[in-house]
Ligand SMILES: Nc1ncnc2c1ncn2[C@@H]1O[C@H](COP(=O)(O)OP(=O)(O)O)[C@@H](O)[C@H]1O
Ligand SMILES: [Mg+2]
């Protein structure tokens, strides 16, 4: 399997505070990686480094044929290859669902108007929301908004998708529909890195799980082993209360 | 002895009043277009520019918000010739009022930019938009919507503020009024008529702002309450 994402020795400081202390991670095409760990362990920061939302001080990230190093660089091409879905959905409130989806293809890819409908239908059907095309974000439930956010990301045909605790802001009864959409995406072979607190979901859907602790990849491996046979005390302490 | 009002001498000067009204509308419109463009650029620079740009923007805003418009006008009209730049009264008026509005509206725009969360911009960047594209397509309209009442309030002040340009004899309504007053001695009637015309002008501008607002913030589908009602109607019709 070819490598979709390779992180080497990633270090990130916020001022004097070292938040990532040398992270290494390799993701093969088609892999679904779950990232777990306590709040503040650096999970979000790692994702944000991967698509260039945060600059970093040391290390290298290779993703979809692009190399990200220290210092400023052209991130826009990279970002069109990496989709990101946020905890707070971040749909654009003044645009309809369809307009949210077509904004980046239209502005960045110059997709002709005649092909917008086709694209909207394609990505909305993947998250089961075809009937919400003309709705505005504030007319949708949180779960629906998050599924639109996923569809919006898919519209740029990314090679890797990043999910940052995308169900954490949702009522429990709404997380299911979002997790289902993500699982279906996983089944299509999409390469994904998902930060999540849903241990059961991580165990079931992720091929590999990464446990982050204090800015490092503390333990990683096939999800079955990480959850079934944790090696470090820190991981055991983290998952035991979660698994009950 | 009660004063007997007589509007006849004032109203007989209608052509001058109309000319003044048109000049005031022209001066206001030019100043609004230029001033808002300046304000938007300055606000963007102050919000997101490099340090030097931010400093420059701050200095400009503070200078123009902490000096009287009349002094700004005098500086441009009477001061600049000493530096070899001679402006006509009308030019000086447009420039001074635009720069004044630029400073005030920059602060209002900045409040709007600050009101739109950083995560909206990040979502746009993550989709591959440039910073400028994110501003234009994601931030601008929601930000404008937040500040629209404050902005249109400022524009009304600016329109009324054009009367100050009479001090350098730029063509506008107050100057026309002053001329009529000094030759008819009908001060009360003259300025009552002027007040009425200013009210009409600001009302016309407000109607325009409302129309522009509708265009900018329009929703292409009816709001949810109406749609719920129409869905209900359909169900009933089928039953
Ligand atoms: N913009 C920021 N400025 C300063 N510190 C930050 C910033 N973002 C995150 N941090 C710090 O970095 C650490 C890791 O945060 P984060 O990556 O959000 O963790 P997680 O997603 O695992 O909860 C935390 O200590 C947090 O306080
Ligand atoms: Mg986080």
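The values are calculated or read from the model by the stated rules, or taken from the named source; none is laboratory data. Nothing here was measured: the structure is a model prediction, and the numbers come from that model. FYI the Cβ positions are ideal-geometry reconstructions off the backbone, even for glycines, and counts take in every protein chain you see.
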(request) Pick out the one residue from A:145, A:183 that is closer than 23 Å to residue A:51 by Cα, touching a helix residue (DSSP H, G or I) at 6+ places or on another chain (Cβ under 8 Å) and surrounded by fewer than 17 Cβ atoms within 10 Å (Cβ to Cβ). (result) A:183
(request) Run residue A:79 past the list (1) away from every other protein chain (no Cβ under 14 Å); (2) closer than 22 Å to residue A:145 by Cα and report the number of the one that doesn't hold. (result) (1)
(message) at positive phi and modelled with pLDDT of 90 or more: is that true of residue A:228 in this structure?
(response) no
(message) Of everything in segment B:87-131, what is in a helix (DSSP H, G or I), within 14 Å of chain A (Cβ to nearest Cβ) and over 18 Å from the mean Cα position of the chain (by Cα)? Give them in sequence order.
(response) B:115, B:118, B:119, B:120, B:121, B:122, B:123, B:124, B:125, B:126, B:131
(message) Among the residues that make up segment A:150-162, is at least one of them within 16 Å of ligand 1 (Cβ to nearest atom) and within 12 Å of chain B (Cβ to nearest Cβ)?
(response) yes
(request) Of all residues in segment A:184-201, count the ones that are over 16 Å from residue A:153 (Cβ atoms) and in a helix (DSSP H, G or I). (result) 4
(request) Those residues that are more than 8 Å from ligand 1 (Cβ to nearest atom), part of a loop (DSSP other than H, G, I, E, B) and at negative phi, I need them from segment A:28-48; list them, please. (result) A:29, A:31
(request) Give the residue, chosen from A:178, A:166, A:193, A:205, that is under 16 Å from residue A:87 (Cα atoms) and more than 16 Å from ligand 2 (Cβ to nearest atom). (result) A:178
(message) Restricting to segment A:92-116, name every residue that is facing chain B (nearest Cβ under 8 Å) and under 17 Å from residue A:144 (Cα atoms).
(response) A:92, A:93, A:94, A:96
(request) May I ask you to list the residues in segment A:1-27 that are closer than 18 Å to residue A:82 by Cβ and within 13 Å of ligand 1 (Cβ to nearest atom)? (result) A:10, A:12, A:20, A:23
(request) Quick one: count up the residues across segment A:120-133 that are surrounded by fewer than 21 Cβ atoms within 10 Å (Cβ to Cβ) and either within 14 Å of chain B (Cβ to nearest Cβ) or at positive phi (or both). (result) 3
